[in-house]
Amino acid sequence: MAAGLCPENCPKGRECDHELSEKNHGSVVRPDGVLQYHSHAYQLNSFRVRIEDANTGVGRVLTDNATLGSLNSSGDENATTGTIDFSGSLENFVVNIQATSTTANPDGSGGGILTLSGKVNYTGTTNAQIMITLEDNSYTAPAPQATLVESVGGYDDASRTVTPTGGLTGAATSVGLQSWLDVTNTDPAFGANSGPTLMNPSTLVMPASTSSTTFTAGAQQFTTSGFANTGVAVPVTFSGANYSIFSQATVNFSDIGTADFTVKAADPVDESGTPVPEPTPLMLLGAGLIGLEFLRRKKVL
């Protein structure tokens, strides 16, 4: 919504730039007797998805629980807070997305968990690339030091469930996946909620100087069907009470094809508040030796 006087008496007044939701409609009678409809639900949610055609610059922006367009054709289809569902088209792509933002514990403690799942069908016949970016902020730092872990799998859009492996069919050539954690609680500027439109800003800028990435050499590229990654771990030292997480999937096509994927970024801390350790080679070796000793004793008995 263009900046103007917020009908909800926002303290920012004319500086208000709240995103307008098309739910909770109401009406007022103007002094001239005309019945005027207005909408008074403004979204301040930081949990958002941006979908864009990298070749044309046309994209969409969605915010959790924000409806948009006729019969909500361009908004979040899931009324549950912390879950975004979307099925729709963009240029020559048909996109099905489910995204979730949660924490390790129901009370909001224990570290953030951000999951982006999607299936993309491309109906064009020339090279094309689609980028899908997910963000949320103000997670509570679980401990002074913790670990950012990214895992990769697939997505079944019919049942809206995560699958163990991702898929590439037809002329889908690759899926690139990357996640970031920013200790200053900064995330990319997506722009206003929209249906298909030229993106503004046209290019996302990731706050790299304060962000930890799961893959330091750029996004991890998967070029064959059945791809997966059970976990890439990066140590994180927090500088404040809150932080943000954002993930991005880049899918490439050379002709008609389909790709499905899931990328999960988490800062795993158990319910006691202790960072969950990653298994080391020494730990695995020790476990193996204990198992061998158990088998040896069993044979002696």
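None of the figures in this text is laboratory data; all of them are computed from the coordinates on show. Model, not experiment: these values are computed from the prediction. All Cβ positions, glycine included, derive from the backbone under ideal geometry; neighbour counts span all protein chains shown.
Taking the three principal axes of the alpha carbon atoms in segment 46-292, the coordinate ranges are 56, 40, 34 Å, sorted in descending order. The residues neighbouring Gly88, those whose beta-carbon lies less than 14 Å from its own, together hold a net charge of -4 under the Lys/Arg +1, Asp/Glu -1 convention. Amide H of Asn55 versus every other amide H placed in the peptide plane: which residues, excluding those fewer than 5 positions away on the same chain, fall under 5 Å? Result for Asn55 returns Gln129. Near the amide H of Thr186, within less than 5 Å, lie the amide hydrogens of Ser244, all on another chain or at least 5 residues away, with H placed in the peptide plane.
Between Asp255 and Thr125, the modelled labels are 1.0 nm apart [label points 7 Å from Cα along Cα→Cβ]. Each label was represented as a point 7 Å from its Cα along the Cα-to-Cβ direction; for Asn72 and Ala233 these points are 4.0 nm apart.
Computed from backbone phi, the HN-Hα couplings of segment 231-237 come to x, 10, 10, 10, x, 10, 10 Hz, rounded to whole numbers (Karplus: 6.51 cos²θ - 1.76 cosθ + 1.60, θ = phi - 60°; Gly and Pro given as x). Using the Cβ of Gln129 as centre and a radius below 10 Å, the other residues enclosed give a net charge of -2, where K and R count +1 and D and E count -1. The mean sequence separation of alpha-carbon pairs under 8 Å and at least six residues apart, normalised by the residue count of segment 91-142, gives a relative contact order of 40 percent. For segment 170-180, 3J(HN,Hα) computed residue by residue from phi via the Karplus equation (6.51, -1.76, 1.60; θ = phi - 60°) reads x, 9, 6, 9, 6, 10, x, 10, 8, 9, 10 Hz, glycine and proline entered as x. Entry note, segment 46-292: relative contact order of 28 percent, from Cα contacts under 8 Å with a spacing of 6+ residues.
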